[in-house]
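In what follows, a structure is listed as structure tokens, so that the remarks can point back to it.
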Amino acid sequence: MWSRTPSRLWNPFPLFALLALTLFACRPETSPKAPEDGSAAPAVTAWANRGTTTPLLPLLGAAEEAGWRLDLRPWNTTMAFQSLLLAGEGEFWVGHLEGFARAARRGAPLRILAVTGWRKWQLLSRREGVGGFPEDFLGREVSIAPADGAGRFLLEKLLREEGVAGVKVVPVDVRPLLLKAMEGKAEDLFLPEPFATVLLGKGLGFQRVDSLEAYYGRVRGGAPEVPWAGVAVNAHWAEAHPRETEELLEGMMAWNSRGGAREGEGEGVSRLWTAEREEASGISREALAESLLRDPVKVVPAWRMEGEVREFLKVVAPELAFRPEWLWRPPAGKEGDSRQ
């Protein structure tokens, strides 16, 4: 379940106080390493943003089916998330691959375990008769949220590659963009799931006309998918628990292959997305199920995606200089066990 963690900011202290308090606020009250009842099932802490849906579901599903005790805790800002990663707080983290790479480059003890988020940014418009992107958006402003997200950098990169100068990209954070849209101050926007689904359900006349992933596929001549997000494991924990790490990865893939949340059907969503998670995230079960139609669950081991991850990071953050050791790999001789 989500655990609530207090945070405070003391005005008398400048930057050093803010950093210290950020680390304190993100530290879990407990970080169990072994179950108290002597059972074999691990007890672990996982961190995810409150609004994370699709990338998180396989971890929840696999942990539940394996009988693990998963203490899920929220991170709220990019700065807090980076602090958690650098401090090695917890055993698992759910987030953007770019964020993992930035922390790993700075020495964070992590290994990217699986890619679990592929289709995220929906292009919505309130205008009638809008067709494809970018041809029907020339000479217009197109907002994209969040302002500092990988989606913005990928969109700007693709427009430059195509030589499109007539689309003005306006970076905005998610909640301010939702407010602008509801006030009628934004007509064309890229919004990530599940917030795109939430906005579509407001009855404000928005319609889905395209997606950033589909545009990426058209420009690059590939599938309409981008390895945006996934699950990372604490490198120290993984080294001490290689069997459990591999079993969890295989459990996530097995849960996904059985349709644990495919197209929002079955008990997968209802059971995992509890009332407490609805309240903490602001995303209802109904909105999540609808969102999964556009942002379906897909689990691929990160080490099998090395080329794609390398190319993605080269596009959105070329300064990071991808390193293969950032990816978790199965023990030698077992590369075939963690199947796709």
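Surface exposure of the range 264-327, expressed per residue as accessible area with a 1.4 Å probe, stands at 45 Å². When Ser281, Ser270 are compared by accessible surface with a 1.4 Å probe, the order from highest to lowest is Ser270, Ser281.
Ranked by the mean number of other Cβ atoms within 10 Å of their residues, highest first, the peptides 295-302, 242-249, 324-331 come out as 295-302, 242-249, 324-331.
For Ser211, nonlocal amide neighbours, meaning residues 5 or more places apart or on other chains whose placed amide H falls under 5 Å from its own, are Leu123. Applying the Karplus relation 6.51 cos²θ - 1.76 cosθ + 1.60 with θ = phi - 60° to the range 79-93 yields 3J(HN,Hα) values of 4, 5, 5, 4, 5, 4, 5, 5, 7, x, 6, x, 9, 9, 9 Hz, where x marks Gly and Pro. For the range 98-198, the solvent-accessible area of protein heavy atoms averages 40 Å² per residue (probe radius 1.4 Å; ligands and nucleic acids excluded). Tally up the carbon and sulfur contribution to the accessible surface of the range 133-234 as a whole percent, 1.4 Å probe, everything protein left in place. Of the solvent-accessible surface of the range 133-234, carbon and sulfur hold 49 percent. Remark on Thr116: its backbone amide H falls under 5 Å from those of Ala229, Gly230, Val231, a criterion applied only to residues 5 or more positions apart or on other chains, H modelled at 1.01 Å from N. Would you mind checking Lys185/Lys298; Lys168/Lys298; Lys180/Lys314; Lys168/Lys202 for any pair whose Cα atoms are more than 30 angstrom apart? Violating the 30 Å Cα-Cα cut-off are Lys185/Lys298; Lys168/Lys298; Lys180/Lys314.
Residue-wise HN-Hα couplings along the range 270-285, as the Karplus relation 6.51 cos²θ - 1.76 cosθ + 1.60 with θ = phi - 60° gives them from phi, are 4, 6, 7, 8, 5, 4, 5, 5, 4, 5, 5, 8, x, 10, 6, 4 Hz; Gly and Pro carry x.
The values are calculated or read from the model by the stated rules, or taken from the named source; none is laboratory data. Computed from a prediction, not measured in an experiment: that's the story for all the values here. When we count neighbours, we look across all protein chains shown, and the Cβ atoms used for this are built from the backbone with ideal geometry, even at glycine. Ligands, DNA and RNA are stripped out before the accessible areas are found, and what is left, the full protein with its side chains, is counted by its heavy atoms. Shrake-Rupley method; radii C 1.70, N 1.55, O 1.52, S 1.80 Å.
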